[in-house]
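Asks: Shown below is the structure under consideration.
The values are calculated or read from the model by the stated rules, or taken from the named source; none is laboratory data. Everything numeric here is computed off the predicted structure, so don't read it as measured data. Here Cβ is always computed from backbone atoms with ideal geometry, including for glycine, and neighbour counts include all displayed protein chains.
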Amino acid sequence: MKVLLPDTIELSPVLPAGWESAVVDARAEIPAEHHDADALVVWGSSRRHLASAARDLPRLRLVQSLAAGVEGILAAGFGDEVVIASGTGLHSRTVSEHALALILALVRRLPEALAAQDDHEWSSEIGGIQPLHPAGRITTLLDANVLIWGFGDIGQTLAPLLASMGAHVRGVARSAGRRAGFEVVEEDSVRDLLGEIDILVDILPASEATAGVIDADVLAALPDHALVVNVGRGTTVDQAALRAALADGTIAGAGLDVTDPEPLPADDPLWDAPHLLLTPHGAGGRPVGADERIVHNLRALGGDGEFDHRV
């Protein structure tokens, strides 16, 4: 049996007995010599590549994504007999790390410090004697109220990091309860909580239900000192509404690792929004444990155990 590995990442899975691998161009059609593949690993793959796989691989039984999102794979037209497995969990630590970096940068006013550094200014507004909890500003995670909207693997990895720094963390999911030791509220209750939130973290996936869910009403319901961080998907935020909220000062700042579209066009007005920290979708990009996930699901395909993160 054969598994096709993408050339966009260096992988070294220790394949189960009876399996062989081949590396293919993840942005091109599948070469005819590999139309006998039983499994395909997807990472940074183009629509052309996925369409070819759906059309040209009659023996295909598994598509293993190394990304958490699989919307592109689902849209490619694979048959019902093909198992789709996501890379959920492979980016939890790196994306959490990046989300924490964005949050701390905004809370500790690093963009303002860099601007002062460019001006060779020793800013007394940023440094020196400061109140712990100044009116109208969030300057520490101590006692900060953080709401993580999208409380999956990444949210559950990020939450204890924030809590360890003194934040009060709650999650938002489809159903209420407790996950990983944290209170989780259902999505219908979010708007009732926004008025007390200091930091809203968006880790929502892209879907019809989440499109533009962080809209003008959500932003208006947040306190003026609130910060918004998005490491989920750009489509979940109404960017025009976010830009307006930043310009009007109805939120204090935002950190975005994702936008809609990507790359963000050079002439998009979002670039010039005040109090915005923008990174070019750099939170993930480094799946941790990819080899092990591939091997596990190849074994599952052979009947040895259950699929990990089957969609």
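Asks: Return the residue satisfying two criteria in turn: it lies in the stretch 144-174 and is touching a Phe, Trp or Tyr at 6+ places or on another chain (Cβ under 7 Å) and small (G, A, S), and of such residues it is surrounded by the fewest Cβ atoms within 10 Å (Cβ to Cβ).
Replies: Step one: filter the stretch 144-174 for residues touching a Phe, Trp or Tyr at 6+ places or on another chain (Cβ under 7 Å), giving 159, 169-173.
Applying the additional criterion that residues be small (G, A, S) yields 159, 171, 173.
Details: A159: 24, G171: 26, A173: 17.
Per the criteria, the residue is A173.
Asks: Tell me, yes or no, whether the stretch 136-151 has at least one residue that is part of a strand (DSSP E or B), out of contact with any Ser or Thr (no Cβ under 8 Å at 6 or more places or on another chain), in the same structural domain as P274 (by TED's automatic domain parsing) and not aliphatic (A, V, I, L, M). Working first, answer last.
Replies: If we filter the stretch 136-151 for residues that are part of a strand (DSSP E or B), which is where we start, we get 145-149.
The next check asks that each one be out of contact with any Ser or Thr (no Cβ under 8 Å at 6 or more places or on another chain); those that pass are 145-149.
Adding the requirement that they be in the same structural domain as P274 (by TED's automatic domain parsing) leaves 145-149.
The next check asks that each one be not aliphatic (A, V, I, L, M); those that pass are 145, 149.
Checked the stretch 136-151: at least one residue is part of a strand (DSSP E or B), out of contact with any Ser or Thr (no Cβ under 8 Å at 6 or more places or on another chain), in the same structural domain as P274 (by TED's automatic domain parsing) and not aliphatic (A, V, I, L, M).
Asks: Which is over 21 Å from D257 (Cα atoms), modelled with pLDDT under 95 and under 21 Å from the mean Cα position of the chain (by Cα), of R179, R170, R174? Working first, answer last.
Replies: Numbers: R179 fails: modelled with pLDDT under 95; R170 fails: modelled with pLDDT under 95.
Of R179, R170, R174, the one residue that is over 21 Å from D257 (Cα atoms), modelled with pLDDT under 95 and under 21 Å from the mean Cα position of the chain (by Cα) is R174.
Asks: Residues to consider are A226, A252, A247, A240; find the one that is at pLDDT 95 or above, surrounded by 20 or more Cβ atoms within 10 Å (Cβ to Cβ) and touching a Pro at 6+ places or on another chain (Cβ under 9 Å). So that I can check it myself, show each step before the final result.
Replies: On the way: A226 fails: touching a Pro at 6+ places or on another chain (Cβ under 9 Å); A247 fails: surrounded by 20 or more Cβ atoms within 10 Å (Cβ to Cβ); A240 fails: surrounded by 20 or more Cβ atoms within 10 Å (Cβ to Cβ).
Exactly one of A226, A252, A247, A240 is at pLDDT 95 or above, surrounded by 20 or more Cβ atoms within 10 Å (Cβ to Cβ) and touching a Pro at 6+ places or on another chain (Cβ under 9 Å), namely A252.
Asks: Six or more apart or on different chains, Cβ atoms under 7 Å: show the pairs whose first residue is in the stretch 159-188 and farther than 22 Å from L142 by Cβ and whose second is among the aromatic types (F, W, Y) and assigned to a strand (DSSP E or B).
Replies: Between residues of the stretch 159-188 that are farther than 22 Å from L142 by Cβ and residues that are among the aromatic types (F, W, Y) and assigned to a strand (DSSP E or B), the close pairs are V172/W149.
Asks: Give me a count of the residues in the stretch 188-208 that are within 19 Å of the chain's Cα centre (by Cα) and at pLDDT below 95. Even if it seems obvious, please write down each step before you answer.
Replies: Here is the first cut: in the stretch 188-208, the residues within 19 Å of the chain's Cα centre (by Cα) are 199-208.
Remaining after also requiring at pLDDT below 95: 205-208.
Within the stretch 188-208, residues that are within 19 Å of the chain's Cα centre (by Cα) and at pLDDT below 95 number 4.
Asks: If you don't mind, another one. Conditions: (1) over 20 Å from L298 (Cβ atoms); (2) touching a residue at least 40 places away in the same chain (Cβ under 8 Å); (3) touching an Asp or Glu at 6+ places or on another chain (Cβ under 9 Å). E29 meets all but one. Number of the miss?
Replies: With (1) over 20 Å from L298 (Cβ atoms); (2) touching a residue at least 40 places away in the same chain (Cβ under 8 Å); (3) touching an Asp or Glu at 6+ places or on another chain (Cβ under 9 Å) applied to E29, the lone miss is (2).
Asks: Residues that are outside the structural domain of P134 (by TED's automatic domain parsing) and surrounded by fewer than 21 Cβ atoms within 10 Å (Cβ to Cβ), at least 3 per element: which strands (runs of 3 or more DSSP E) completely within the stretch 3-111 meet that? Show your work before the answer.
Replies: Numbers: elements: 20-24, 39-42, 62-65, 83-85.
Counting at least 3 such residues, we get 20-24.
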